[in-house]
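Report on the following structure.
FYI, it's all coordinate maths here, none of it is from the lab. Being a predicted model, the structure only gives us computed values, none of them experimental. Here the Cβ positions follow ideal geometry from the backbone for every residue, glycine too, while neighbour counts run over all protein chains shown.
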Amino acid sequence: MKGERPMVDSNMVLAGQTAAYTLYVLVMIALMARFAYKVTKEEEPKEMRPAIFYSFVGFLVVLGVSLHIITYNTIPWAPLDLNRANIQADKVFEIQVADHKFLLPSEKLMIKVGEKVLFKVTSADLTYGFGLFRSDNSMVFQMQVMPGHMNDILWHFDRPGIYSIRSTEYSGPAGVGMLLKDVVEVSSDHTSHE
């Protein structure tokens, strides 16, 4: 759709949330350390007034909830999930998983920049994971694939790239080899960059 904002890259989300939650934890530790110091510095610690204690707990709750509300809109897949009933996928890839192998509908999954793609993954035997990974092995997205259940994920590809598919769930020792290198290609034109 025109005028649509590009999805925030999950690496940027992870960096931002790491910084925000680290700051939150440091503030909590500093407040607790100050409280512990005040309580223990005197020979006979005086009883803390309930108002101070509940103010402290209330502050931590408000800070924590605020952090979740602020970071909510940075999650790249949230708008897709919330509005999924109104979104038509541009492409649908049906993928089967059985005997520790991914069975793709074609050798390469070709996607154009800007397309919304629905990955429908079914398992014939075990619980697997389905994850899309960049060439530096950082994850774009993942989902659990359980036999007998509908397992799908809708993703908007807004930049070119070549991705690998791997299982993100433990499915026994054979699951270690569940990797298909460079099988998803997102390009700005119709031709492959092989």
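Restriction of the chymotrypsin sites (Phe, Trp or Tyr not before Pro) in segment 78-181 to DSSP coil positions whose beta-carbon has at most 16 other beta-carbons within 10 angstrom yields 170. Stretching the chain fully between residue 11 and residue 33 yields a gain of 4.7 nm (0.36 nm per residue, less the alpha carbon separation).
The GluC sites (Glu not before Pro) of segment 82-179 meeting both criteria, a DSSP state outside H, G, I, E and B (loop) and at most 10 other C-beta atoms within 10 angstrom of the site's C-beta, are 107. For segment 21-28, 3J(HN,Hα) computed residue by residue from phi via the Karplus equation (6.51, -1.76, 1.60; θ = phi - 60°) reads 6, 5, 4, 4, 5, 5, 5, 4 Hz, glycine and proline entered as x.
If you take the charge dipole of segment 79-130 about its Cα centre, with +1 on Lys and Arg Cβ and -1 on Asp and Glu Cβ, which of 97, 121, 86 is farthest toward its positive end? Farthest along the dipole direction, towards plus: 86.
Would you work out which of 155, 186, 26 lies farthest towards the positive end of the dipole of the chain? Charges go on Cβ: Lys and Arg +1, Asp and Glu -1. With unit charges placed on the Cβ atoms, the residue in question is 26.
P(r) tail, the chain: Cα-Cα pairs separated by more than 20 Å, 66% of all pairs. Restricting the calculation to Cα atoms, segment 64-166 shows an Rg/Rh of 0.99 when the hydrodynamic-style radius is the Kirkwood one.
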